[in-house]
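A.B. asks: Pasting a structure here, questions to come.
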Amino acid sequence: MKNNKRLIPFPIIQVACEGDTIAVHYILKHYEGYMAKLSTTVLTDEYSSGYYFLDRDLQDYLNSALLQMILDFKI
Amino acid sequence: MRPSSFNRVSLEENKHLMQDDFQRTTQFQFDYVARKTLIRSKSNYRRSRGRRYNHEALFSEISNIDLKMLPIFDTYHLDSQMYQVLSFNVEVRNNKIAKALDMLPERKRNTILMFYYLGMSDVEISNELKVNRSTVYRNRHSALENVKTLLEEEL
């Protein structure tokens with residue numbers, strides 16, 4: 001495990017699990033980049049040049065999954 | 001000095017350290033669960049997309065016959081004219097024909113409704129109305145003529 005990993009501060013996790021809006025927003029913001037990375041795919045056309053394509057549906061789906069996970073998380 | 005006593009440190013001193021350790025563990029756990037959830041939901045999404053893809057078809061690729069089966073038109077009884085003949089309710093869908101039928105005398109209208117909408121024969125109609133069979137035939141034909149002229153006038 002990398003030691004320099006950016007982690008969410010403990011108090012924020014604590015209040016987010018109880019449904020605090022600001023904390024939940026902080027966590028969503030924290031994983032925004034990761035979700036964007038997961039939902040990005042490279043599409044190729046007939047000239048085999050690649051395009052980055054961000055799947056909005058997948059992004060929304062991941063967002064809701066993360067929200068569900070935050071509320072289900074038990075310390 | 002025994003090695004075990006060498007390592008022994010009082011609990012009070014280490015309480016904040018233990019707290020720190022617990023918090024750090026929770027942080028890592030949270031991060032792990034979050035990332036795992038995201039990756040799993042991504043593959044879930046991909047799989048459900050793939051499953052749905054087998055049942056999808058482009059509108060342009062559907063044959064014309066199949067496409068005609070898709071739309072549904074509602075029918076409202078308010079749009080059509082109702083007539084009562086021999087305790088049956090006869091529904092006339094076409095507005096123009098209903099208008100023409102309204103103008104006919106009742107006897108002729110009943111003949112037409114019975115013959116064309118209830119599917120009765122001339123003999124059955126003559127038995128019902130207690131008139132001669134040829135009278136029914138004449139009535140029907142003159143009624144049709146009347147309807148024809150009425151419809152032509154409208155056009």
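A.B. asks: Which residues, counting only those in segment B:116-143, are touching a residue at least 24 places away in the same chain (Cβ under 8 Å) and more than 43 Å from the chain's Cα centre (by Cα)? Outline the logic, then answer.
C.D. replies: Within segment B:116-143, the first condition is being touching a residue at least 24 places away in the same chain (Cβ under 8 Å), and the residues that meet it are B:117-118, B:128, B:136, B:139-140, B:142-143.
Scanning segment B:116-143 gives B:136, B:139, B:142.
A.B. asks: Quickly run through segment B:105-155 and pick out the residues that are among the aromatic types (Phe, Trp, Tyr) and either open to solvent by 60 Å² or more (accessible area, probe 1.4 Å) or not in a helix (DSSP H, G or I) (or both).
C.D. replies: Taking segment B:105-155 and keeping what is among the aromatic types (Phe, Trp, Tyr), we get B:115-117, B:137.
Hits for segment B:105-155 are B:116, B:117, B:137.
A.B. asks: For a quick check of your reading of the model, give me the residue pairs whose first member lies in segment B:26-54 and is at negative phi, whose second is among the basic types (Lys, Arg) and surrounded by 12 or more Cβ atoms within 10 Å (Cβ to Cβ), with beta-carbon atoms closer than 6 Å and at least 6 apart or on different chains.
C.D. replies: none
A.B. asks: Moving on to the next point. Please find, within segment B:22-81, the residue that is farthest from the other protein chains (Cβ to nearest Cβ) out of those that are acidic (Asp, Glu) and in a loop (DSSP other than H, G, I, E, B).
C.D. replies: Initially, segment B:22-81 is screened for residues acidic (Asp, Glu), giving B:31, B:56, B:61, B:66, B:74, B:79.
Filter once more, keeping what is in a loop (DSSP other than H, G, I, E, B): B:56, B:74.
Working: B:56: 15, B:74: 33 Å.
Among those residues, the one meeting the criterion is B:74.
A.B. asks: With respect to residue B:97, determine if the residue is β-branched (Val, Ile, Thr), in contact with a strand residue (DSSP E or B) (Cβ under 9 Å, 6 or more places away or on another chain) and not in a strand (DSSP E or B). Before the answer, list the steps.
C.D. replies: On the way: β-branched (Val, Ile, Thr): yes; in contact with a strand residue (DSSP E or B) (Cβ under 9 Å, 6 or more places away or on another chain): yes; not in a strand (DSSP E or B): yes.
Yes; evaluated as a whole, the condition is true for this residue.
The values are calculated or read from the model by the stated rules, or taken from the named source; none is laboratory data. None of these values were measured; they are calculated from a predicted model. Glycine also receives a Cβ, built like all others from the backbone with ideal geometry; neighbour counts cover every protein chain displayed. Protein only, heavy atoms only, side chains kept; ligands, DNA and RNA dropped before computing areas. Shrake-Rupley method; radii C 1.70, N 1.55, O 1.52, S 1.80 Å.
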